[in-house]
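Bear in mind that the values in this text are calculations on the coordinates, not laboratory data. For clarity, every value in this text was computed on a predicted model and none was experimentally measured. Here Cβ is always computed from backbone atoms with ideal geometry, including for glycine, and neighbour counts include all displayed protein chains.
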Amino acid sequence: PNESLTTDDLKRMRMSMTAKMEGEASVQQQSAPQEMSTTTTSISQALTMTTPRSTKVMTEKFGISQPDTDVRAILVNPAKWAEDPQFVKTIVERDPSSSLLPRFHMYMALNESYKAFAFSASKGVVDSIIQYSISLDHQDTSGATPSFCGKLRCNTKGTEYAIYDDSNDPYGLRTGKPRRELGMISFKKKLLGPMTIEVVMPRVRKDGACAQFRPTQPEESMMRLYKAGRTEHMFILRGVVNVAPGGMLELNHNPSHSKDGAKVVFQAFKRPSGDWSVKYMHPLSCFQAFNIMTAIFNNPIASGLDALPAAEPLMAAIREVGDVQTLEDSVTDCIEATAEYQRAAEYHRAAEDRAAKMKDSMEWRAGLPAKEQ
């Protein structure tokens, strides 16, 4: 595959994808709320940009390696691997028009002015089991449309979740091709301490190739294999859910199992505007990141993060920049250094005041007659 795209590649992509994606783009434009129309586009429209700068953006954000890459592949496949990877920034918001059966939307943050619609998730109950249908359409999330791309299913307690692709044939009994599992999410709460979260996903190589989990019977599911300790073809991301005002959730990935080799590959926090900033990088995909956020919104304890106030605007702005821990440490160091400087300045002023008083006293004494001194 090509390492990067040229302007001509993207022009050919535009020609080959226009007819294919025209219907999807028009549906998104018509179904999206009117107030978002000035800032929201679609992924397919973003792919038609052909300036040198937009070519670079599309390559870096989506890892495009073939001119005929389609929208579904961009969003479902893992983010592009790099020696020094950068977060892919997205925005997730709750649909205010649906309270009984919640709906959520994810947008790719192309820049400060534009965002591109990516996914919608709609809650449903099937045979007393809660599941979320994930769709490429802003409104229609049913499993009977071409825009349907997967589902998130949880247990009755809302503590374990399984991520599936768009197949409705779980074990391949009808089609001969079993449904693919794309990950699982587990929340655990002990008596003492905060809740923890684990995301188990298929192992991903640097070239984007993924391990395949297509169980033909329940015993072969990722959940069963994980609980049995058979994790040789899995990546395990771990994090802590600190339910507090301004709380942020991070997932760490440590493929080498070294003490200092863990890397943050997922970050999510509520913004002052009420929506969520969600950032991810390789080995996660946009689809997996959205399912993780949907599970957080559905979990009885973790969902408290969405109900609590967001971070202060200054801290939210710092978190948007990138390396959150380094920036927060730098801010703390600056605050401590400023306080130390202020203490030193106050001490210096006090010393100057004492010296001036002593000088005045000595000059006063020097002016007195000898017998009065």
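For the range 89-128, what does the alpha-carbon gyration tensor say about shape, rounded, prolate or oblate, given a ≥ b ≥ c as the root eigenvalues, a/c under 1.5 as rounded, and a/b over b/c as prolate? Verdict is prolate for the range 89-128.
Our summary gives the range 68-109 a relative contact order of 32 percent, counting only alpha carbon pairs under 8 angstrom and 6 or more residues apart.
A Förster distance of 35 Å, applied to the separation of the beta-carbon atoms of LEU100 and ASN254, puts the FRET efficiency at 0.30.
Taking a ≥ b ≥ c as the square roots of the eigenvalues of the alpha carbon gyration tensor, the range 78-204 is rounded, as a/c is under 1.5.
In terms of packing, defined here as the mean over residues of other Cβ atoms within 10 angstrom, the peptides 131-138, 266-273 line up highest first as 131-138, 266-273.
Near VAL240, the amide H atoms lying under 5 Å from its own belong to ILE197, GLU250; only residues 5 or more places off or on other chains count, and H is placed 1.01 Å from N. Scanning residues 5 or more positions from PHE148 or on other chains, those with amide H under 5 Å from its amide H are LEU136, with H placed 1.01 Å from N in the peptide plane. Calculated on C-alpha atoms, the gyration radius of the range 106-164 divided by its Kirkwood radius gives an Rg/Rh of 1.07. Between LYS263 and residues 5 or more places away or on another chain, which pairs have amide H atoms under 5 Å apart, with H built 1.01 Å from N, and which residues are they? Residues meeting the criterion, in which the H sits 1.01 Å from N, are HIS253, ASN254.
Remark: for residue pairs LYS115/LYS177; LYS123/LYS227; LYS189/LYS270; LYS157/LYS190, the C-alpha separation exceeds 25 Å in LYS115/LYS177; LYS123/LYS227.
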